[in-house]
Each structure stands twice: as C-alpha cells, then as structure tokens.
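Encoded as structure tokens, the structure appears first; notes follow it.
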Amino acid sequence: MTESTAAPQSGPVEPPRPDEPSEADELESRALRSRQRRLKTLLLVTAVLADALILAAWTQTWLSISLVGVGPHSGALDVVGSVAAPALSALALAGLALVAALAIAGPVFRIILGLLEAVIGACVMISSIAVLASPATAGAAAVTEATGVAGSQSTIDLVAATTLTAWPAITLVLGVVLGLAGLATVLTHRRWPGPSKKYQAVRFTQVETAPSADPVGAWDDLSRGDDPTR
C-alpha cells in the first residue's frame with residue numbers, strides 16, 4: 001500500500017495594492033528629488049559666490065587718478081571700490097541674507113526673494129556701469145580727501161587722467177550673474193524641493209477618546225453575573 005502525500009498548498013498570492021508605489025516609481029521619485037536638490041543647490045551656491053566676490057571686489061583698487069598741477073596736489077591716487085561704489089557692501093550683504101532665507105522659503109516666498117535677488121543684481125550692475133562711464137566722478141571723494149577741494153566740477157578739473165583696473169568690469173559681470181540667478185529662481189521655484197521638516201509647521205490632531213460606558217448596559221451585565229469592569 002502506497003501512502004499518498006498531499007502536495008503543499010500555497011496560499012493565495014496577494015496582488016500588490018494600487019496605493020503602494022512600485023520599485024520603478026520609487027526610483028523615479030528619488031531621481032526627481034535628486035534633480036530638484038541639484039537645481040536648488042546650484043542656484044544658491046551661484047548666488048553666494050557672486051555676493052562673496054562682490055564683497056571682495058568692494059575692497060580692491062578700482063581706478064587710479066592722476067592729478068594736474070605741481071606741489072602737494074600732484075601725483076596719482078588709488079581709489080578702492082568702497083569709495084568708487086560704496087553701496088556694493090550693503091548690496092552684497094543683503095544678497096547673502098537673501099540666500100539664507102531662500103534656503104528655507106516656500107514656493108510663494110521664493111518668487112518674492114528671487115525678484116529681490118534680481119533687483120540686487122541690477123543695482124550692482126548700475127554701480128559698476130557708473131564707475132566705467134565716469135571714473136573721474138567716481139573718484140571725486142578720493143580727490144576731495146587728498147586735496148581738500150570740494151565740488152563735482154572742481155574735483156574733475158583736478159583730474160589729468162584716470163586708469164581703470166579690471167574690478168569694475170568683473171563686478172559688472174558678477175551683477176549680471178546675480179540677476180540671472182534671481183530670475184532663474186523665479187522661473188524654477190516650483191521645481192525646488194520643499195522645505196525641511198525642521199521648518200514645517202506643527203499640526204495638532206485631536207485624539208479620539210473611547211466612548212463612555214453605558215450605565216444601563218453595565219447594570220444588565222451585572223444582573224447576568226458578568227463583571228462589566230473586565
């Protein structure tokens with residue numbers, strides 16, 4: 001007599017739930033988040049570098065002025081960026097603070113901050129163009145300090161020649177880069193990842209309480225010999 005062995009029965013295979021993402025969807029989601037982080041990092045780093053270089057350019061020599069005449073007023077004056085374009089330091093510091101706010105801002109504030117960043121870049125360009133267009137006027141404060149002669153036309157009359165360095169042109173390019181970074185922020189603000197959970201608002205949810213015991217039902221249970229407290 002042969003003993004028949006029953007084949008092991010496997011349970012029904014549960015189909016994947018429609019709300020559970022597949023492995024391909026998960027990989028695609030990770031790739032999307034990675035691209036979003038790279039875009040955000042690229043724009044923020046570009047803005048930080050541009051602001052830092054603008055601040056560094058503010059401390060460099062922008063032009064050299066040769067004065068007319070002989071005596072104590074003759075010679076050459078080196079004019080630094082803090083004299084030729086004094087507003088650059090405030091613009092660069094405002095840009096750095098703006099980048100810090102952009103790092104944690106939501107979609108709406110990204111538009112506002114991106115526009116402000118573009119405005120800061122435009123102001124940097126205007127300051128640089130003013131020096132490139134009229135070096136003698138940009139160095140008027142240095143001429144006044146060296147000679148004691150005040151007045152725009154009077155200081156210009158003392159200038160024999162001006163020699164520009166590369167820093168005004170470099171700062172102009174940095175202003176363009178900063179402005180483009182601001183416009184790119186506005187155009188791509190929806191593609192940025194959301195803020196970190198550290199900066200998300202805390203939501204309080206109401207905890208459901210257990211229903212109170214029915215006194216009539218408890219009395220009936222006690223009459224039947226059941227302990228309603230168990």
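Things to note:
- The single condition from (1) under 26 Å from Thr137 (Cβ atoms); (2) part of a helix (DSSP H, G or I); (3) at pLDDT below 95 that Ser66 fails is (2).
- If you filter the range 98-118 down to residues that are in contact (Cβ under 8 Å) with a residue 12 or more places away in the chain and surrounded by fewer than 17 Cβ atoms within 10 Å (Cβ to Cβ), you find that the one that is farthest from Leu183 (Cα to Cα) is Ile104.
- Considering (1) in a loop (DSSP other than H, G, I, E, B); (2) surrounded by fewer than 18 Cβ atoms within 10 Å (Cβ to Cβ), the lone condition that Leu93 does not fulfil carries the number (1).
- Tally, over the range 118-143, of residues that are of a type outside the set (A, V, I, L, M) and more than 15 Å from Leu172 (Cα to Cα): 2
- Residue match in the range 149-162 (condition: buried (at least 16 other Cβ atoms within 10 Å of the Cβ), not aliphatic (A, V, I, L, M) and not in a strand (DSSP E or B)): yes
- Contact annotation: residue pairs with Cβ atoms under 7 Å, 6 or more positions apart or on different chains, pairing a residue in the range 37-65 that is at negative phi with a partner that is surrounded by 14 or more Cβ atoms within 10 Å (Cβ to Cβ) and among the charged types (D, E, K, R), are Ala47/Glu117; Thr61/Asp78; Ser64/Asp78.
- Against the criterion of being more than 22 Å from Thr41 (Cβ to Cβ) and among the aliphatic types (A, V, I, L, M), Val119 qualifies.
- Looking only at residues in the range 135-145 that are surrounded by fewer than 18 Cβ atoms within 10 Å (Cβ to Cβ) and either of a type in the set (D, E, K, R) or in contact with a strand residue (DSSP E or B) (Cβ under 9 Å, 6 or more places away or on another chain) (or both), the one that is modelled with the lowest pLDDT is Glu145.
- Ser128 within 19 Å of Ala47 (Cα to Cα), at pLDDT 85 or above and of a type in the set (S, T, N, Q): yes
- Filter result for Thr171 (closer than 30 Å to Ala105 by Cα and at pLDDT 80 or above): yes
The values are calculated or read from the model by the stated rules, or taken from the named source; none is laboratory data. Everything numeric here is computed off the predicted structure, so don't read it as measured data. Positions of Cβ are generated from backbone atoms using ideal geometry, with glycine treated the same way; all protein chains shown enter the neighbour counts.
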